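The values are calculated or read from the model by the stated rules, or taken from the named source; none is laboratory data. Please read these numbers as outputs of a predicted model, since none were measured by experiment. Here Cβ is always computed from backbone atoms with ideal geometry, including for glycine, and neighbour counts include all displayed protein chains. Protein only, heavy atoms only, side chains kept; ligands, DNA and RNA dropped before computing areas. Shrake-Rupley method; radii C 1.70, N 1.55, O 1.52, S 1.80 Å.
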Amino acid sequence: MPVSETKLLMKYADEPGYTPGIESYLAVGGYEMLKKAVGMKPEDIRGEVKASGLRGRGGAGFPCGVKWDLVDRKSGKPIYLICNCDESEPGTFKDRQLVHKDPHQLIEGMMISAFANDVKFAVIYIREEMPKGAKILDAAIDEARARGFVGSNICGTGFSCELIVHRGAGAYICGEETGLIESLEGKRAYPRIKPPYFPAVLGLYNCPTIVNNVETLCNVVHILRMGAAEYCKIGRPNNTGTRLWCVSGHVQRPGYYEVAGITMGQLLYDLCGGPLPGRSFKAIVPGGGSMKILRYDEKFKGKKPDGAAYEYGVDDIPLDFDGVAAAGSMSGSAGMMVMDDSVDILEALANLMQFYAHESCGQCTPCREGSQWARKITARMCSSNAKPGDLDTLYDMAGNIGGRTVCPMGFSTTWPVQSYIDKFRDEIEAKARDNRCGMPREARLIQK
Amino acid sequence: MNLKPETLSTIEKIIPRYPQKRSALMMVLHEIQADQGHISDEAMEWVATKLEIQPINVLEVVTFFPSYRRQKLGRCWVRVCRTLSCGLMGAYTTGEVLEKELGCKMGHTTEDGSLTLEWSECLAACGTGPVALVDEDLFENMTPDKLGPVIAEIKKRAAGGVPTPTKG
Ligand SMILES: Cc1cc2nc3c(=O)[nH]c(=O)nc-3n(C[C@H](O)[C@H](O)[C@H](O)COP(=O)(O)O)c2cc1C
Ligand code: SF4
Ligand code: FES
């Protein structure tokens, strides 16, 4: 039986007639959970979020409740809450939907989170390239303020929290939480070294700060509504709740799908309609451009509960944090890019290296120089100018970036390089040897 | 530097929203760029005074972030995504058609200042690629065969026409 979506966050947003205005949201029970929350003890809300097992939807999948527990509540300094709506990871477009279609759900999630963590000032950091999203949020915040859901004396309880929208200016690194914080302080977005700069202790203005993704914060509303126990029934243990998977590239029906407890094959075939006519899948980047690539014909080894070993393929990968990790990649930001047999894998890599070279903040030499080298080498290999040893140079160099930099972006450059070469070495080598270029002009992935 | 009265009053409202003045920098720069089409040396000095920081603090931000411009942007600003998902759907061909039809090379502003055409990295709309951001409006599914209306719209804006709202 074909699978269907499990709609929690997008339950109303995609319905005809539903608008981003507050009336739509109130009509479906909006802000009832905020009213409930402000009557609860903050630690009880935090307890519920922790018990829900909610894992961050921004990339690393760190448990939200645990992150909130790490916040330094004894410093006497103000605590800040930042919603990360930088959404710049290639392949990811879910936060845009949540903000454009249901901004009040995010605002309610943020105000509940603010109350639970004693936050008096919260910020939505939205990328510059989403100007309409920023306007929609501004308008929604005004509406919410007029009704007493944002600002002073929220729901008449004496609890106050300001919420503002802050716009980025075209830099991917502002998605990294400490880069974001620097940028919010009015500086270049150079990520900070951890330790000591864990935002939970030393964040905005060196005060304790929570940085959460848009989708993470929206989930908080539903955890409170359903209760942690009920919420945990969605998905698998340690992978609770739904996820908004963004599928782009070579499938019949690209788009975002809110699902839980399905496999990658079910997403690719039942929901996305399978490959384009006459084509077959070649490779999948599961969680945004930074994540390791999977070969569609790859096989993985699993263990049954009784210890027996078995083999499974890409279609059988459980579509959640642990499922994708067991297959050697990560679900990251859930931005799935699909490539069919028409794609020259080296060109795909060259395209991504252009991205990382452009987006390195430049603070660390291995990332700054390495990403430029990777861009140049892959580009020349694609234009039939490969030099002997180019592939090995590229591979070796990648091994010297990740883990030697201030922020995890070093890995964002190296994981694609290493995994594309590991999995498609034959194809890339043959191409370099013959000095030939694979993709026809109209389908090319880099400037020629 | 003659900022419009609306710009000035917006700036006055933005600054006190932040716990620390310097945090308003990016938002103030956005306002100035929207008003003037770019960020001049004079503007940087002005912002520095306004936020009680050094001009170098403003310069470092203006030069770090790609969206801020020290040269005037065209009346119509077109950014075409070229990252992987859009690339897979034909973004490079889309870009080529736009260059030809609009008479402007990628990365350039036309001499008459009517149009800036450039590549951008992932615009967070990969499922409907290729996409382009035209001023504040997102144009989706921009395959070469569907570019007619988009080109007409860009030409209209470049000629000083009023933007037609899109979904975005
Ligand atoms: C290079 C880099 C880019 C990132 N980009 C984003 C982003 O665009 N959006 C996002 O929510 N998180 C992004 N992250 C993850 C954030 O640093 C942070 O972990 C996340 O916002 C935390 O929210 P969560 O716990 O709710 O997932 C990025 C991380 C790195 C290293
Ligand atoms: S790893 Fe790259 S992006 Fe991260 S701080 Fe270093 S130079 Fe900047
Ligand atoms: S790749 Fe073009 S919008 Fe994401």
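Please report the net charge: other residues with Cβ closer than 14 Å to the Cβ of A:Phe149, K and R +1, D and E -1. Working shown, then result.
On the way: positive: A:Lys35, A:Lys36, A:Arg145, A:Arg147; negative: A:Glu23, A:Glu32, A:Glu108, A:Asp142, A:Glu143, A:Glu162.
So the environment of A:Phe149 carries a net charge of -2.
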Estimated distance in nm for a label pair at A:Ser160 and A:Lys120, the labels positioned 7 Å out from Cα along Cα-to-Cβ
0.8 nm
For chain A, set up a GNM with springs between Cα atoms under 10 Å and report which of A:Gly59, A:Gly21, A:Gly133 has the largest fluctuation.
A:Gly21
Ranked from highest to lowest mean number of other Cβ atoms within 10 Å per residue, what is the order of the peptides A:167-175, A:196-204?
A:167-175, A:196-204
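How much of the accessible area of the protein assembly as shown, probe 1.4 Å, is carbon plus sulfur, in whole percent?
Numbers: 12340 of 23480 Å².
It is 53 percent, rounded to a whole number.
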Cα-based helix-to-principal-axis angle, B:148-158 vs chain B, degrees rounded to 10
30 degrees
Subtract the Cα-Cα distance of A:Asn206 and A:Lys41 from 0.36 nm times their separation in residues, and report this length gain in nm to one decimal.
56.7 nm
With the solvent-accessible surface defined on protein heavy atoms using a 1.4 Å probe, which residues belonging to region A:242-266 display a reduction of at least 10 Å² in accessible area in the multichain context relative to the isolated chain?
A:Ser248, A:Gly249, A:His250, A:Pro254
Where chain A is the region considered: accessible area per residue in Å², 1.4 Å probe
36 Å²
Centroid-to-centroid separation of region A:192-264 and region A:96-146 [C-alpha atoms, Å]
16 Å
Given a cut-off of 26 Å, name the pairs among A:Lys50/A:Lys135; A:Lys50/A:Lys77; A:Lys187/B:Lys155 whose C-alpha atoms lie farther apart than that in the structure shown.
A:Lys50/A:Lys135; A:Lys187/B:Lys155
Partner shielding of A:342-354, as the mean number of partner chain Cβ atoms within 10 Å, equals 2
As a test of the definition: with a 1.4 Å probe, what buried accessible area, both sides summed, do you compute for A against B, in Å² to the nearest 100?
4400 Å²
Listed highest first by mean packing, meaning other Cβ atoms within 10 Å per residue, what order do A:49-55, B:149-155 come in?
A:49-55, B:149-155
Output ordering of A:72-80, A:216-224, A:407-415 (per-residue mean of other Cβ within 10 Å, highest first) is A:216-224, A:407-415, A:72-80
With a point put 7 Å past each Cα toward its Cβ, work out how far A:Arg425 is from B:Ser9 in nm, to one decimal.
6.7 nm
Span per principal axis, largest first, for the Cα atoms of region B:1-141 (Å)
47, 33, 26
By DSSP, what percent of the beta bridges with both residues in the protein assembly as shown are antiparallel, rounded to the nearest 5?
50 percent
Once normalised by the length of chain A, the mean sequence separation of its alpha carbon contacts under 8 Å that are 6 or more apart gives a contact order in percent of 16 percent
How big is region B:10-73 by Rg and Dmax over its Cα atoms, in Å?
10.7, 32
Average partner coverage of B:54-63, which counts Cβ from other chains inside 10 Å:
2
Number of partner chain Cβ atoms within 10 Å, mean per residue of A:440-447:
5
